[in-house]
Amino acid sequence: MTAASMAIASKPDLHRLIVQQERPFNAEPTPADLIDAHQTPQAIFYVRSHGDVPNLTANHAIIVGDHSWNRTELERAFPTRNIAATLQCAGNRRADLQTVAKTKGDPWGVGAIGNAIWTGVSLIEVLRAAGIDEAGSFVHFVAADEVPVEEERAHYGISIAMVKARDPDVVIAWAMNGELLAPDHGAPLRLVVPGYAGVRSIKWLTHIEVADAPSEAPIQARDYKLFPASVRSSDEADWETGLTIDALPVNAAICSPNDNSHVAVGSQEVRGYAMAYARGVARVEVSGDAGLNWVQAVIDCGEDASWSWVRWTCKVELAAGKQQIVVRAIDTAGQGQPEHPEQIWNFAGYLSTSWHQISVIAE
Ligand SMILES: Nc1nc2c(c(=O)[nH]1)N[C@H]1C(S)=C(S)[C@@H](COP(=O)(O)O)O[C@H]1N2
Ligand SMILES: [Mo]
């Protein structure tokens with residue numbers, strides 16, 4: 001399907017999204033909407049933007065070294081790739097970390113994640129055609145939006161290592177789930193880096209270059225880094241020593257029933273997602289009694305699981321009264337999730353992956 005024949009972009013559905021910020025617009029779907037389909041419709045796909053959406057036309061060109069291509073030219077020059085990949089914000093589930101102590105950032109629930117089929121061309125083919133695939137060990141990207149980081153305003157910019165950029169699944173995309181990208185999701189061209197935190201999947205792409213060191217742009221150099229709990233705020237952070245958040249650890253969340261809802265005593269269906277990136281999800285377990293007894297969930301991988309989440313379902317027995325439903329997953333290396341958010345609290349509220357819990361009243 002060529003871009004010209006693709007469905008036009010669905011805009012974010014303001015009646016269905018939970019808004020975290022009006023301006024810049026940041027929003028997530030309800031857990032029930034999120035778990036409804038393996039591929040998340042663009043209209044309810046979470047939006048995470050650090051600044052205002054820039055005004056770019058459909059024929060906006062990206063500059064790659066000494067070359068440039070707009071969407072139509074990319075489509076003509078390179079084979080089209082359709083990559084199934086889940087995008088997750090490093091701040092997904094931050095609300096759970098904020099129950100331990102205050103953090104920076106919006107209190108995202110379980111919805112700063114979505115799964116889609118991204119249509120575009122392989123980044124590495126474009127770097128090769130521009131003659132810069134051997135020119136350094138990092139690929140730098142700049143976008144059209146200006147964003148604030150601490151006291152500074154600068155263009156959104158990030159980098160990824162060339163070893164990751166060589167993976168042909170890293171794409172410059174113009175569509176998701178067969179629809180052109182909406183402005184909020186990066187139209188006309190964005191990067192999608194499967195397996196990495198959403199921050200690296202830069203929207204509104206304008207420039208690509210290759211260099212020997214990571215990007216100095218504030219988003220890359222002084223944001224999206226993981227610090228130990230002993231560092232209490234960004235004032236105390238020595239940015240050189242923070243862990244750059246690229247690959248994400250295994251995560252799982254309950255999407256149904258709703259937190260704090262009333263349900264029937266006895267057998268209760270529980271549904272949610274789990275995600276282990278380059279590794280697969282090996283097991284998902286659910287408890288209906290706050291972690292005393294565990295039942296193994298049935299995992300639905302969808303058709304193309306390599307970079308995608310899995311959705312799972314499970315039946316647990318609920319006794320009468322207020323009950324805690326808990327989920328935990330392990331990946332194919334047998335690595336699991338921390339039990340409590342206290343174990344992973346960090347001032348910026350990233351990588352909130354502790355066992356997810358909800359409360360229900362069974363009656
Ligand atoms: N140019 C630009 N790219 C960006 C961002 C941004 O603010 N500006 N936000 C990043 C973050 S933190 C995430 S999680 C994803 C979110 O993509 P989405 O809004 O399409 O879900 O985009 C990333 N790319
Ligand atoms: Mo993000």
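The values are calculated or read from the model by the stated rules, or taken from the named source; none is laboratory data. Keep in mind that this is a model prediction, so the values were computed, not measured. With ideal geometry, Cβ positions are generated from the backbone for all residues, glycine too; neighbour counts draw on all protein chains shown. We work out accessible area using only protein heavy atoms, side chains counted, and drop any ligands, DNA or RNA first. Shrake-Rupley method; radii C 1.70, N 1.55, O 1.52, S 1.80 Å.
Summary table below
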| item | result |
| --- | --- |
| Net lengthening on full extension, V19/L226 (0.36 nm per residue, minus Cα-Cα) | 72.0 nm |
| Cα shape, region 208-256, gyration tensor, a/c 1.5 rule | oblate |
| Extreme residue, positive dipole direction of the chain, given options G178, P194, A154 (C-beta unit charges) | G178 |
| Cβ crowding within 10 Å averaged over residues, with 3-9, 21-27, 175-181 ranked highest first | 175-181, 21-27, 3-9 |
| Residue-averaged 222 nm ellipticity for the chain, from DSSP H runs of 4+ at -39500 (n - 2.57), nearest 500 | -1500 deg cm²/dmol |
| Charge dipole magnitude, Cβ of K and R +1, D and E -1 - the chain, Cα centre, debye nearest 20 | 480 |
| Heavy-atom accessible surface of the chain: percent carbon and sulfur, 1.4 Å | 49 |
| Cα gyration tensor shape of region 116-275, rounded if a/c is under 1.5, else prolate or oblate by comparing a/b with b/c | oblate |
| Between region 127-145 and region 174-221, the Cα center-to-center distance that results, in Å | 12 |
| Length released on extending from E363 to V295, taking residue separation times 0.36 nm less the Cα-Cα span | 22.3 nm |
| Given charges at beta-carbon only (K, R positive; D, E negative), |dipole| of region 80-149 in Debye | 320 |
| Dipole in debye (nearest 20) - region 1-67, about Cα centre, beta carbon charges: Lys, Arg +1; Asp, Glu -1 | 60 |
| Options S137, T206, L248, ranked by Cα towards positive dipole end of the chain, top entry (Cβ charges) | L248 |
| Once exposed loop trypsin sites (Lys or Arg not before Pro) are cut out (DSSP; at most 15 other Cβ, 10 Å), longest piece of the chain | 233-363 |
| Shape call, the chain: gyration tensor on alpha carbons, a/c limit 1.5 | prolate |
| Per residue accessible area of the chain, 1.4 Å probe, in Å² | 42 |
